[in-house]
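Here the structure is laid out as structure tokens; the discussion comes afterwards.
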Amino acid sequence: MSFMFGLVVLAVSALYLGLMFVTVRFAWRQGLASGCTRCKAFGYAALAALTVYLPVFWNHIPTLAVHRYNCAQDAGFTAYVEAQDWQAKNSEAVALVNQLPSREKEGAGQAVRTSDGFDRYTVFGGLLHADYRSVQVGWKGIPVWRSEQRISDAHTGETLAKAVDYSAGYGTTEDLRWWLRRSSCVTSRPTAVGEPVKPVEPRDILHLYKRNLWRDRS
């Protein structure tokens with residue numbers, strides 16, 4: 001967030017809080033002036049606060065709740081095949097690929113859409129498929145996104161590793177609603193309420209898998 005944008009946010013926030021204060025104070029005084037009890041006047045003030053709050057923040061709490069729930073229930077990294085097992089099973093092919101130039105070895109080429117909606121890249125000298133998919137979850141107006149990345153054996157189709165993560169917020173000019181932004185489950189751990197979310201490994205699952213499951217011996 002740039003300095004100038006920060007100043008704009010600060011100014012708008014100050015104006016918004018000022019409007020909230022004036023509206024609540026007016027409703028409270030009007031309630032008392034009309035002969036209402038303090039309890040009823042408080043109710044009027046609360047309604048006035050909601051009138052100012054909801055048009056801007058109506059989806060704030062639902063978005064955070066959906067994001068936190070999905071992080072706790074579904075997010076995480078899973079390796080279905082351990083590094084040494086996959087490398088041992090494909091030792092000759094891996095040795096040949098590791099002799100290729102880096103660009104040829106790493107090259108992903110153009111993505112191909114799979115039948116289940118993933119963008120698929122052929123990587124590591126044609127030995128692996130790297131798939132990625134991001135879909136919105138929840139209800140309309142609740143901007144929570146589920147991102148899934150997986151690595152599979154290009155020849156057998158076996159899934160070797162998978163990472164699931166959740167983010168929240170908008171990727172457009174609506175980013176001005178910065179309070180909805182949650183980049184991932186890792187950086188959005190609850191600090192006071194609820195159980196901690198399960199950690200998610202780095203988003204580049206291909207890099208993670210290569211780093212953890214084999215070493216470049218070229």
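Please turn the phi angles of region 52-64 into ³J(HN,Hα) values with the Karplus equation 6.51 cos²θ - 1.76 cosθ + 1.60 (θ = phi - 60°), one per residue in order, whole Hz, x for glycine and proline.
The phi angles translate into 7, 6, 5, x, 9, 10, 4, 9, 5, 5, x, 5, 5 Hz.
Near the amide H of residue 80, under 5 Å away, which other amide H atoms are found, from residues 5 or more places off or on another chain, if H is placed in the peptide plane?
Those lying under 5 Å, H to H, from residue 80 are 161, 162.
Apply the Karplus curve 6.51 cos²θ - 1.76 cosθ + 1.60, θ = phi - 60°, to the phi angles in region 34-45 and return the couplings in whole Hz, x for Gly and Pro.
8, x, 6, 6, 4, 5, 5, 4, 5, x, 4, 5
More than 25 angstrom separation, counting every C-alpha pair in region 1-160; what % is that? Walk me through the numbers before you get to the answer.
Numbers: 7817 of 12720 pairs.
Value for region 1-160 (Cα pairs over 25 Å): 61 percent.
With the convex hull built on the Cα atoms of region 66-148, state its orientation-averaged projected area in nm². It would help to have the intermediate numbers written out before the result.
Details: hull surface 29.9 nm².
The Cα convex hull of region 66-148, projected and averaged over all directions, gives 7.5 nm².
Please compute the net charge surrounding residue 62, taking Lys and Arg as +1 and Asp and Glu as -1 over other residues with Cβ under 12 Å from its Cβ.
Values: positive: 68, 140; negative: none.
Residues close to residue 62 contribute a combined charge of +2.
Would you kindly state how much longer the chain becomes between residue 140 and residue 50 on full extension, computed as 0.36 nm times their sequence separation minus their alpha carbon distance, in nm to one decimal? If you can, show how the numbers build up before the last one.
On the way: separation 90, 0.36 × 90 = 32.40 nm, distance 2.14 nm.
Contour length minus Cα-Cα distance gives 30.3 nm.
None of the figures in this text is laboratory data; all of them are computed from the coordinates on show. In this text the structure is predicted, and so the values were computed from the model without any measurement. Note that each Cβ is placed from the backbone with ideal geometry, even for glycine, and that neighbours are counted across all protein chains shown.
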